[in-house]
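The values are calculated or read from the model by the stated rules, or taken from the named source; none is laboratory data. Quick caveat: nothing in here was measured; it's all calculated off a predicted structure. Virtual Cβ from ideal backbone geometry, glycine too; neighbours counted across all protein chains shown.
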Amino acid sequence: MGDLWGTGAGVSPSETSYPGTSEAGQVALTGEQEEPKQGSTGVLLLGGNEIKSSAVVKYSSAPPQAAFSRLQEKTDLKLPPANWLRESAKLGPAGATILGNSKKSKPFSSFGMAYDFIDSVGNDVDVVSDSENIKKLLKIPYSKSHVSMAVHRIGRTLLLDDLDIQELFMRSSQTGDWTWLKEFYQRLIDQKWQRKKKSKEHWYHKAILSKFLYYSINGDEAAQPVPGSKEQNQEETTEDESDEPSRVSWPAPFEMPSSLSEDASTSNQGSVPLESSYVVGHVASAPKEQNLTTLFSDGESSQGLKNDFVRNILWTFEDIHMLVGSNMPIFGGGRYPAVSLRLRDNNKPINVLTGIDYWLDNLICNVPELVMCFHVNGIVQKYEMIKTEDIPNLENSNFSTKVIKDIAQNILSFLKSNCTKEGHTYWLFKASGSDIVKLYDLTTLCEETEDKYQNPFTMPVAILLYKVACNMMLKKTQNRKYYGTIRTLLLNCVKLLDKGRHPQIIASANYMLSELFQLDEPKKEESEFPLNGNSDESYSEDEEEMPDSDENGFYSTSSDFPDDSKAVAIIKSVGELSVPEKYKSTHQIRPSCSFPVCHDTEERCRLVLSYVLEGLKSIDRSIKKESDLPAADPNIPIPLKYEDESSTAGPECLEKQMALFLGKMGSFQEVKHSNQSGMIPGSWQYKMKLQLILKSSKAYYVLSDAAVSLQKYGRALRYIRLALQCYDAYCCLFMNMLSEVLLFLCQSLTLCGDIQLMLAQNSNNRAAYLEEYNFQTKEDQEILHSLHRESSCQVFSWATDLSTDLECQLSVSCKCYEAAHEILVFSNLKEQNPEQYTQVVKRMGNIQNEIGVFYMNQAAALQSERVESKMVSTAEQQLWKKSFSFFEKGIQNFESIDDSTNASLLLCNMGRLMRICAHAHCAVGGDFKREFSPEEALYYNKAVDYYLKALRSLNKREVHPAVWDSVNWELSTTYFTMATLLQDYAPLSRKAQEQIEKEVSESMMKSLKYCDVELVTTRQPLCQYRAATIHHRLASMYHSCLRNQVGDEHQRKQHRILVDLHYNKAVKFFQLLKDAPCELLRVQLERVAFAEFQMTSQNSSTGKLKTLSGALDIMIQCRSVFQSIRKELGAECEQKCVDDSNNAERVPIEDLSTGTNLNKEEVLKLLSIFESRLSFLLLQFIKLLSSTKKKTSSKDDENLKVNKYAYSLLLRSAANKNLTLLERTDVILSILQQLTQDNEGHNLGIQ
């Protein structure tokens, strides 16, 4: 047999590449053994033109490389060796190659590779194909043989497959499936189709090649033959190379293996084995984290979709990236790590086609050398070793590698420019002996026939589109800029499939389309989306090919060839392919392919729901219709069960419904829920429908939340009703509630509670909300129709009905929050979602506060309607109890989450409730002989306790200044009210005067304590007025005590001091206020009265004169008060004059006063008192000065003169009954002006 050319174990090609670099720097693919390297780059320098080529073995099933034996000279290859056609591990699949199988590709070989290397499809790789197809394309300008290939576009990747027209027509003759294409083909070539038979010489060469290979391995070991491999191309002729039709498996149009049949008539629910290949699994809400399992498994191989190449190679030829399948046997060992073995007839020189064949095979597999065995009539003559880079320069086989490069680039550009419709099957055809290459769109031609699904590639293309989309969805680091690509892939996948035959793929694709739209995320920056459409990763399913410019003689469209109007594009002459850059890819990615920009949330959710609906329809169509299913018309609106003021809508009924609901929630873990449609748990329909229903529920939830933001509460309630109806159907299908699903239910119920609360707070727009609520789109009706196949969807009706009763709406809101709270607590989600739990508890506290306020206001309304003499009614007391109960629950909820601010607010409301209770008791018996009752005191003290608790809850003002100030004000008000009532309605029948005065004083001082007059807030004027009023009341009380008190001079002295103190403080605070002139005037008059009271107890003229001077000084201080009153009256008078002059409608005097803060009646009353007291003081002053005239000075005389003049003016004013209020005010101001000047000049004559 001869010596082995090498020894030692071979290395698997999957781990090896074989470059070597010569000293000259050029790549020399030598046979020296080197350290194995993967993916290295070999660069060929031929004729000064550098050709770049690199190959990376992505997968290899080949056995370890076998060293080959050099046959002895004169070995007869016509005689079979002893090991011929026996299994051999060394030869691997090559043993059955020559006679066992065709070297030609299977119809779907590129799809098998694409499935295995799905990451590369659509993005990184330009071409996926068998190496034989690549070689055939690159030999087009040199060959006269026919070319027939199917071309498919997936993103940026072209899939090339051999389209054996003759085999297709053989099938057509048997089944009649392809008559349309057969007729078209016959018209195309204008001759009757005939099948060519192989010559005897063809089979002779195949036989001796097989024997040669078995001789060369020199092995006796047995190895299992692997059918289906493809060896090197040893043909040197250009004749047609079709093989036995029986070797190629062509499927019927849309034929699927029985294990993968999706037809509704065969997918009966009892077929459990379907589950293994149709597992959809649970899909999370975010596409980046979903678990989209593959829809198709090993059953694909029965349709020719299996990747049965010995090795898959990522070959980069210049700037073209190709995923290539190859079955070429590679031998190696010793000094020759990798060689390809060829058998040649010594009488026939190697021609260009054979040279290109050998060169491309070695280049693709990165084999550095070729071993050629020459024979004559089967007798071995010699061996010759040829380096790969020397093959283009062989005698009789000289070709330019640069031209091959130009051919490759031109063909790729031609195909990319014209194969633009993703999912379409294109046919690249060149007739034998012709120079014209034509490209047809078979999908478009097929659609013109009666059965548009007669394209055998439709199903594999759809599956590949689906798989590529799935792969992109599953990538954890996937950027959202690829979403436009994924959407296009899925839409094209759905477009290719028949809805009735492939419901599962359509349902799954629609679900993934819905997953592309993130429902629960905030708006992203515009830069994250390829809105400009310039991304290379985006392309449109609606793209149409655009004719390229032909100004430089580029390829032509069919319009240039009137006799062939069906062609998409035509290459006029194969010679053009050798011209550098003759064809350039001008197909531009269109902006319409980018991910759709949704301008608002509703648009985004509506898109999601449209995909969900299509998925649900697909599932429902695939399920056998049961005879007992209720008939429903999706065009007929579903009754909403709206009831106006129904007795069943009350809180009592809600309690029962809630109990049933919570009972059902607790039984989810135990009870199996049957569905009406008959779906079997575990089937693909069951799993996919679960996901689609949950997706629709989330979409409706987001729509509801968006409607709340727009204050469209009727619409929001309708959407949340639909969300909960979807959830109800989900619960009927699924027995074990997942934590994330329960959490979503909690969120939905919480939102429903929010909406019911908003409806209660905006009852004025109830008619508009009712109209929004009753509206229903056709899409919503159809989704509900699908849901009703599984459930009645009424479990949550208690929460989503629109009531017109305010109490019912508040109660429903509260029940929603309570249900959400129960879910969080009983499902152990409380610890996993503390923020959600806190929000729910806070909402519970808030709604309980709202209900408490509602009942409190109802009680106050009843109280205002009650006749004063009547006792407190039972209805009022019941309302107090309800209000108190809800406030108490709310406080407990807020305290449980350490929310001191809201707890203090509810304590403040409790204080207000106690004050209402106190006020209700004070009305009993009317004001006649009324006394401050013990019940009033009890409730006011309780109110004080709650306010103090509120302050303790806050601890300090910095926690929440606004709430702190509010509680302080309410506490001050409570003390003030209690002190005022105690002072005005003193319980003298139960308590002594001194005790009452003491309690009043203490309450007033406590009120002052919590009334911060220094703090600059919007409430500061109120605090100042409150402080002034308190001091005024205390001064008045001590003034009254002093008048009525007898004996105990020390106590009288203390009271006089307190009277002066409080009057002075009252004046000080009232002077700070600009809108309280009457109150200030009253205080000043009381001070004058107190001076008069003191004067009565004085005996000496000097003392009386001093007291009179002080009182008169107080009167003079009132000048500013009258100036303020004069200003208000003057403004009113001017306004009246303006109205009269414009002939405007006259406004009554009493209405004029309402435009200002001035009370004319009060002013008139106080003015009369002021005139009276000023007249009295002036008269007494004149008498005193006159009686002591001998002892007075000239200054006193002048003072006396001024006082007499002022007194005379005052008497004349009082005598004139026709003076208006304004004129009387002017007189007072004039008198006070004179007294002021006299006081400043003479200091009243008294020092």
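Things worth noting here:
- Residues that are assigned to a strand (DSSP E or B), closer than 19 Å to Ala207 by Cα and not aliphatic (A, V, I, L, M) within region 353-386 comprise Cys373, Phe374, His375, Gln381, listed in sequence order.
- Looking only at region 953-985, and only at residues there that are hydrophobic (A, V, I, L, M, F, W, C) and surrounded by fewer than 18 Cβ atoms within 10 Å (Cβ to Cβ), the one that is farthest from His1039 (Cα to Cα): Val959
- Number of positions in region 774-813 that are among the charged types (D, E, K, R), outside any helix (DSSP H, G or I) and farther than 30 Å from Gly678 by Cα: 1
Results for (1) under 20 Å from Leu710 (Cα atoms); (2) touching a strand residue (DSSP E or B) at 6+ places or on another chain (Cβ under 8 Å); (3) crowded, with 21+ Cβ neighbours inside 10 Å, shown as yes or no for each residue.
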site	(1), (2), (3)
Glu771	yes, no, no
Lys778	no, no, no
Gln794	no, no, no
Thr800	yes, no, yes
Ser803	no, no, yes
Gln839	no, no, no
Ile847	no, no, yes
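- Qualifying residue in region 1172-1189 (condition: at pLDDT below 70 and more than 60 Å from the chain's Cα centre (by Cα)): yes
- Region 703-752: number of residues that are among the polar types (S, T, N, Q) and within 23 Å of Phe517 (Cα to Cα): 6
- Inter-residue pairs, beta-carbon under 7 Å, first more than 16 Å from Leu862 (Cα to Cα) and in region 912-937, second part of a helix (DSSP H, G or I) and at pLDDT below 90, 6+ apart: Ser933/His921; Ser933/Cys922; Glu935/His921; Glu936/His921; Glu936/Cys922
- Single unsatisfied condition, Ser229 versus (1) modelled with pLDDT under 75; (2) over 52 Å from the mean Cα position of the chain (by Cα); (3) surrounded by 18 or more Cβ atoms within 10 Å (Cβ to Cβ): (2)
- Hey, Ser143 assigned by the TED database to the domain that holds Phe414 and either surrounded by fewer than 24 Cβ atoms within 10 Å (Cβ to Cβ) or among the acidic types (Asp, Glu) (or both) or not: yes
- The sole residue among Thr804, Thr777 that is farther than 30 Å from Thr901 by Cβ, without any contact (Cβ under 8 Å) to a residue 12 or more places away in the chain and either touching a Lys or Arg at 6+ places or on another chain (Cβ under 9 Å) or outside the structural domain of Leu879 (by the TED database) (or both) is Thr777.
Yes/no per residue for (1) surrounded by fewer than 20 Cβ atoms within 10 Å (Cβ to Cβ); (2) touching a Gly at 6+ places or on another chain (Cβ under 8 Å):
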site	(1), (2)
Phe826	yes, yes
Lys830	yes, no
Arg843	no, yes
Asn857	yes, no
Gln863	yes, no
Met871	yes, no
Thr874	yes, no
Gln878	yes, no
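- Test result for Lys1195, farther than 21 Å from Pro1077 by Cβ, surrounded by 14 or more Cβ atoms within 10 Å (Cβ to Cβ) and at pLDDT 85 or above: no
- Scope region 751-791; condition in contact with a Cys (Cβ under 7 Å, 6 or more places away or on another chain) and not hydrophobic (A, V, I, L, M, F, W, C); matching residues: Gly753, Gln756, Glu790, Ser791
- Set Ser966, Ser953, Ser885: member being out of contact with any strand residue (DSSP E or B) (no Cβ under 7 Å at 6 or more places or on another chain), within 21 Å of Ala861 (Cα to Cα), small (Gly, Ala, Ser) and part of a helix (DSSP H, G or I): Ser885
- Note on region 1003-1060: residues that are more than 60 Å from the chain's Cα centre (by Cα) and either in a loop (DSSP other than H, G, I, E, B) or without any contact (Cβ under 8 Å) to a residue 40 or more places away in the chain (or both) total 21.
- Test for Phe887: is it on the phi < 0 side of the Ramachandran plot and under 39 Å from the mean Cα position of the chain (by Cα): yes
- Residue within region 778-790 that is basic (Lys, Arg) and either within 27 Å of the chain's Cα centre (by Cα) or under 28 Å from Arg621 (Cα atoms) (or both) present: yes
- Search result, residues across region 969-1002 that are aliphatic (A, V, I, L, M), more than 19 Å from Arg915 (Cβ to Cβ) and assigned to a helix (DSSP H, G or I): Ile996
- Entry remark, region 728-746: residues being hydroxyl-bearing (Ser, Thr, Tyr), farther than 15 Å from Phe826 by Cβ and surrounded by fewer than 20 Cβ atoms within 10 Å (Cβ to Cβ) number 0 in total.
- Pairs, first assigned by the TED database to the domain that holds Val853 in region 878-896, second of a type outside the set (Val, Ile, Thr) and not in a helix (DSSP H, G or I), C-beta under 9 Å, six or more apart: Asn893/Asp899
- Residue check for Ala943: among the small types (Gly, Ala, Ser), touching an Asp or Glu at 6+ places or on another chain (Cβ under 9 Å), part of a loop (DSSP other than H, G, I, E, B) and within 30 Å of Lys870 (Cβ to Cβ): no
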